[in-house]
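Reading through the structure tokens given below for one structure.
The values are calculated or read from the model by the stated rules, or taken from the named source; none is laboratory data. Everything quoted here is computed from the prediction, not taken from an experiment. Please note: Cβ atoms are built from the backbone with ideal geometry, for glycine as well, and neighbour counts cover all protein chains shown.
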Amino acid sequence: MTVKPFDFRQQLQQGCSGLGIVLDAEAVERLFLYFTELTRWNRKINLIAKGTSEAEILENHFLDSLTLLPLLGNSENTHLLDVGSGAGLPGLVCKAARPEITVTLLEPRLKRVSFLRHVIRTLNLSEARVLVARVEDEVLLPSSPVFTHITSRAVTDIAEFLGMVSRLCDQRTTVICMKGPKWREELQTMQKLSPAISLRHVLTLERELPFSGASRALLTFSC
């Protein structure tokens, strides 16, 4: 029996269709090139877990990141801060899909910074910058809000994340926490143990990843 080669473009479009996301042909090509560079670089440096299959990379990293798009819109006024961006997930994936938005990728690890800057150059993306810093750095990230959206896949605790980014928020800022199926318990714990946090839960968008059916939730917070 012949095993059919993995077709990233076809699987990406099929997965996006299942999520109700529309990508133009140029976005598909940018994401394919991104995927190609990610898999190539991952052989040398630890960007994502070794042994992750191509199908898992597509769904767990690219499609999962793209679930943010309905909350970002496609306005040129959108400015997304991705805290602890790592391999560019989710911020740079969203930028590749919607190049009109502005993204700032915050990443302290130099090897990953090199990868992010390489992808930005390779995809010829403008209005995308990488800051070699942590979110606590008040020199590179002063407390003067410029971001319309802030997110992270690197921080697991809701209360910890909201506490770290609250100084960067004003009434125009939406903070998005990307969570799994236990989001209700995490939200209840945060509201019970951290009542002084200034950001308040606004809504939750629940999704299922299209191939595995894995549960995802996007929790939004604002001032």
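So, Glu100, is that one assigned to a helix (DSSP H, G or I) and acidic (Asp, Glu) or not? Give the derivation first.
Values: assigned to a helix (DSSP H, G or I): no; acidic (Asp, Glu): yes.
The answer is no for Glu100.
Candidates Arg216, Arg184: the one that is of a type in the set (Lys, Arg), modelled with pLDDT of 90 or more and loosely packed, with under 14 Cβ neighbours inside 10 Å is Arg184. Considering only residues of segment 73-97 that are in contact with a strand residue (DSSP E or B) (Cβ under 6 Å, 6 or more places away or on another chain), not small (Gly, Ala, Ser) and not in a helix (DSSP H, G or I), which is farthest from Gly20 (Cα to Cα)? Within segment 73-97, the match that is farthest from Gly20 (Cα to Cα) is Val83. Across segment 48-72, the number of residues qualifying as closer than 16 Å to Leu19 by Cβ and without any contact (Cβ under 8 Å) to a residue 24 or more places away in the chain comes to 0. How about segment 138-153: which of its residues are surrounded by 14 or more Cβ atoms within 10 Å (Cβ to Cβ) and in a loop (DSSP other than H, G, I, E, B)? If the condition is that a residue be surrounded by 14 or more Cβ atoms within 10 Å (Cβ to Cβ) and in a loop (DSSP other than H, G, I, E, B), then Leu141, Pro145, Val146, Phe147, Thr148, Arg153 are the ones that fit. Cβ separations smaller than 6 Å between residues 6+ apart or across chains give the following pairs from segment 73-84 residues that are touching a residue at least 40 places away in the same chain (Cβ under 8 Å) and farther than 13 Å from Ile176 by Cβ to residues that are in a strand (DSSP E or B) and polar (S, T, N, Q): His79/Thr102; Gly84/Ser152.
Can you say whether Glu26 is without any contact (Cβ under 8 Å) to a residue 12 or more places away in the chain, part of a helix (DSSP H, G or I), of a type in the set (D, E, K, R) and out of contact with any Cys (no Cβ under 6 Å at 6 or more places or on another chain), as far as the supplied structure shows? Considered against the rule, which asks whether it is without any contact (Cβ under 8 Å) to a residue 12 or more places away in the chain, part of a helix (DSSP H, G or I), of a type in the set (D, E, K, R) and out of contact with any Cys (no Cβ under 6 Å at 6 or more places or on another chain), Glu26 comes out as yes.
Taking the criterion of being touching a residue at least 60 places away in the same chain (Cβ under 8 Å), surrounded by 24 or more Cβ atoms within 10 Å (Cβ to Cβ) and either under 12 Å from Thr151 (Cα atoms) or not β-branched (Val, Ile, Thr) (or both), the residues of segment 90-114 that qualify are Pro90, Gly91, Ala96, Ala97. Against the list (1) more than 18 Å from the chain's Cα centre (by Cα); (2) surrounded by 14 or more Cβ atoms within 10 Å (Cβ to Cβ); (3) closer than 17 Å to Leu116 by Cα, the condition Leu47 fails is (1).
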